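Asker: Before anything else, here's the structure in question.
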Amino acid sequence: MLEIVNVFKALSDSTRLRILLLLQYGELCVCEVEEVLGMKQSRISRHLNILRNAGLAEARYVGSWVFYSLANPETNPYHRQIIDTLVKWAQDSDEPFIDKEKLKACIQKRGQEGECPVPEINNELLLTFGAS
């Protein structure tokens, strides 16, 4: 029962919902989430840790960079169902659309000097947005 409570606590914040909606597009660096949402790194990291502790997100470390993705659905299929429902509910909202547009611009900078490296495993996001 505690796991269920932790998941719903994690979902009870609009910033964390926005982060989950961004992660549906693929693996993102903390600084990319920070840029899209216009919040400081410490605040974004706190929210990402809450999502991780609830089993909704996973982290992968590449040197000093941390990349987050949605949790593997094989780990807990119920979490994926919750995220899929969230995506459906958010379709009629303007905020996720605006965030996606900001994310497109942010993703175009990947791999450039001083920017996030291109994730080694998940390049699906770049393909989604037509980046080279």
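Asker: Mind listing just one residue for me: the one in the stretch 12-28 that is at pLDDT 90 or above and open to solvent by less than 30 Å² (accessible area, probe 1.4 Å) and, of those, nearest to residue 50 (Cα to Cα)?
Answerer: Within the stretch 12-28, the match that is nearest to residue 50 (Cα to Cα) is 16.
Asker: If the Cβ limit is 8 Å and pairs must be 6+ apart or interchain, which residue in the stretch 85-103 that is over 15 Å from residue 33 (Cα atoms) pairs with which residue that is among the β-branched types (Val, Ile, Thr) and modelled with pLDDT of 90 or more?
Answerer: The qualifying pairs do not exist here.
Yes or no, residue by residue, for (1) closer than 23 Å to residue 62 by Cβ; (2) of a type in the set (Gly, Ala, Ser); (3) touching a residue at least 60 places away in the same chain (Cβ under 8 Å):
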| residue | (1), (2), (3) |
| --- | --- |
| 3 | no, no, no |
| 6 | no, no, no |
| 10 | no, yes, no |
| 26 | yes, yes, yes |
| 32 | yes, no, yes |
| 42 | yes, yes, no |
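Asker: List the number of the failed condition for residue 34; all other conditions in (1) open to solvent by less than 70 Å² (accessible area, probe 1.4 Å); (2) charged (D, E, K, R); (3) modelled with pLDDT under 85; (4) part of a helix (DSSP H, G or I) hold.
Answerer: Unmet for residue 34, out of (1) open to solvent by less than 70 Å² (accessible area, probe 1.4 Å); (2) charged (D, E, K, R); (3) modelled with pLDDT under 85; (4) part of a helix (DSSP H, G or I): (3).
Asker: Taking the stretch 37-63 as the search range and keeping residues that are basic (Lys, Arg) and closer than 25 Å to residue 108 by Cβ, which one is least open to solvent (accessible area, probe 1.4 Å)?
Answerer: 60
Asker: Would you be able to tell me the number of residues in the stretch 66-92 that are in a loop (DSSP other than H, G, I, E, B) and either at pLDDT 85 or above or open to solvent by 60 Å² or more (accessible area, probe 1.4 Å) (or both)?
Answerer: The number of residues fulfilling the criteria is 7.
Asker: List every residue pair whose Cβ atoms sit under 6 Å apart, with the two residues 6 or more apart in sequence or on different chains, where the first one lies in the stretch 54-81 and is β-branched (Val, Ile, Thr) and the second, anywhere, is at pLDDT 90 or above and part of a strand (DSSP E or B).
Answerer: Listed by first residue and then by second, the contacts come to 66/59.
Asker: Follow-up question, since we're still on this one. Got at least one residue in the stretch 76-99 being within 20 Å of residue 117 (Cα to Cα) and among the basic types (Lys, Arg)?
Answerer: No: the stretch 76-99 contains no residue that is within 20 Å of residue 117 (Cα to Cα) and among the basic types (Lys, Arg).
The values are calculated or read from the model by the stated rules, or taken from the named source; none is laboratory data. Nothing here was measured: the structure is a model prediction, and the numbers come from that model. Neighbour counts are summed over all protein chains in view; Cβ atoms, including those assigned to glycine, are modelled from backbone coordinates with ideal geometry. Heads up: the accessible areas ignore ligands, DNA and RNA and are worked out on the full protein's heavy atoms, side chains in. Shrake-Rupley method; radii C 1.70, N 1.55, O 1.52, S 1.80 Å.
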